[in-house]
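First comes the structure, then the notes that go with it.
The values are calculated or read from the model by the stated rules, or taken from the named source; none is laboratory data. Since the model is a prediction, treat every value here as computed from it, not as a measurement. Note: ideal-geometry Cβ built from the backbone for every residue, glycine included; neighbour counts use all protein chains shown. Heads up: the accessible areas ignore ligands, DNA and RNA and are worked out on the full protein's heavy atoms, side chains in. Shrake-Rupley method; radii C 1.70, N 1.55, O 1.52, S 1.80 Å.
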Amino acid sequence: MNKFIGVLLILVLAASCKNETEPIVKITTEFGDIKIRLYDKTPKHRDNFLKLVDEKFYDGLLFHRVINHFMIQGGDPTSKNAGPDVMLGEGDVDYRIDAEFVPEYFHKKGVLAAAREGDDTNPERKSSGAQFYIVQGNVYSPEQLEATVKSINERRKMALYGRLKNQYKNEFARLQEANDSKALDELSEKLTRECDSLFVNEEFVLTEAQKQAYTTVGGTPHLDGQYTVYGEVFEGLDVVDKIAAVKTGRADRPVEDVVIKSIRKE
């Protein structure tokens with residue numbers, strides 16, 4: 001029995017030390033505190049966030065974009081002391097961070113992730129240097145999750161086809177001007193085959209860990225592989241829920257400011 005207890009103790013200690021090197025930060029708001037562990041496997045995002053925290057960059061900024069059952073977003077430097085009618089969300093520092101996509105990190109409830117500009121202007125999916133969001137999301141039934149994955153893949157395939165078609169826009173324009181319907185059909189069929197071939201590498205397929213999380217804890221699966229996840233709330237999920245539930249107005253900005261009083265290393 002003592003030997004068995006000793007083995008259990010070793011396992012518990014190993015589990016508690018597993019994330020010992022991962023830094024912890026505390027976001028203080030009027031709704032309470034949110035404690036986040038920053039992942040070591042996303043070092044560029046971790047180190048940048050800690051740098052901004054050390055500089056007290058986030059103190060006094062707002063959670064300027066809040067969507068219930070989706071996420072809460074902050075980090076726009078222009079949000080500090082911003083008037084009630086000011087449109088927010090475009091402010092940032094003067095650099096981006098290279099994407100750090102780690103398969104085991106996905107958009108379950110409570111993760112910290114980096115905002116970014118869209119694929120049209122940012123095809124490498126580099127992250128904002130300052131803006132971040134914390135996922136709230138929804139809990140899915142297995143059937144809802146399956147339908148969501150199907151919808152995600154349909155949208156991604158359409159987007160891929162659009163990008164491919166854009167590469168041939170001059171050729172399409174020439175054939176349309178010549179009213180050459182046969183050549184247009186052939187070009188469209190060629191693009192469809194190319195899209196099908198390339199989509200094999202882009203198709204969204206859930207792991208068992210994702211399925212388990214999205215049907216129990218919840219989250220936002222359509223963001224997976226699109227935005228860098230680099231941390232996780234381990235205390236204060238109720239605070240995230242409270243902030244997500246506030247009344248919002250234009251551009252999803254809370255009607256009453258939700259201020260980030262401070263972010264500090266623990």
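Observations, loosely collected:
- Once backbone amide H atoms are built at 1.01 Å from N, residue 248 has 255 as its partners under 5 Å, excluding neighbours fewer than 5 places away on the same chain.
- The chain: most fluctuating residue of 197, 141, 127 per GNM, C-alpha cutoff 10 Å: 197
- Between residue 168 and residue 186, the distance separating the two model label sites (each 7 Å from Cα on the Cα→Cβ line) works out to 1.1 nm.
- Taking Cα centre as origin and charging only the Cβ of basic (Lys, Arg, +1) and acidic (Asp, Glu, -1) residues, the dipole magnitude of the chain rounds to 460 debye.
- Using a probe of 1.4 angstrom and keeping all protein chains present, the accessible surface of the chain works out to 56 square angstrom per residue.
- With respect to the chain, whose longest principal axis is taken over its alpha-carbon atoms, helix 181-199 is tilted by about 20°.
- Note on Cα Rg over 2.2 N^0.38 Å: of the candidates (i) 1.04; (ii) 1.21; (iii) 1.09, the value calculated from this structure sits at (ii).
- Calculated FRET value between residue 154 and residue 179, using beta carbons and R₀ = 41 Å, to 0.05: 0.85
- For the chain, the longest principal axis of the C-alpha atoms and the axis of helix 43-54 are separated by about 50°.
- Long pairs among 109/242; 56/108; 126/247; 35/150; 108/265, criterion Cα-Cα beyond 25 Å: 56/108; 126/247; 35/150
- Average Cα contact separation per residue, the chain, under 8 Å, 6 or more apart, as relative contact order %: 36 percent
- Modelled this way, with points 7 Å down the Cα-to-C-beta line, the labels at residue 256 and residue 68 are 1.5 nm from one another.
- Residues in segment 190-230 reached by a label modelled at residue 126 [backbone nitrogen below 17 Å; 7 Å Cα→Cβ]: 227-228
- In this rough spin-label picture, where each label sits 7 Å from Cα along the Cβ direction, the residue 266-residue 86 distance is 3.1 nm.
- Taking a straight line from the alpha carbon of residue 211, these aspartates and glutamates sit under 15 Å away, with near neighbours fewer than eight places off in the same chain left out: 104, 143, 146, 224.
- Given charges at Cβ of Lys, Arg, Asp, Glu: segment 140-266 dipole, positive-most of 249, 200, 161: 249
- Anchor residue 157: lysines whose Cα lies under 20 Å away (excluding residues fewer than 8 positions away in-chain): 165, 169, 190
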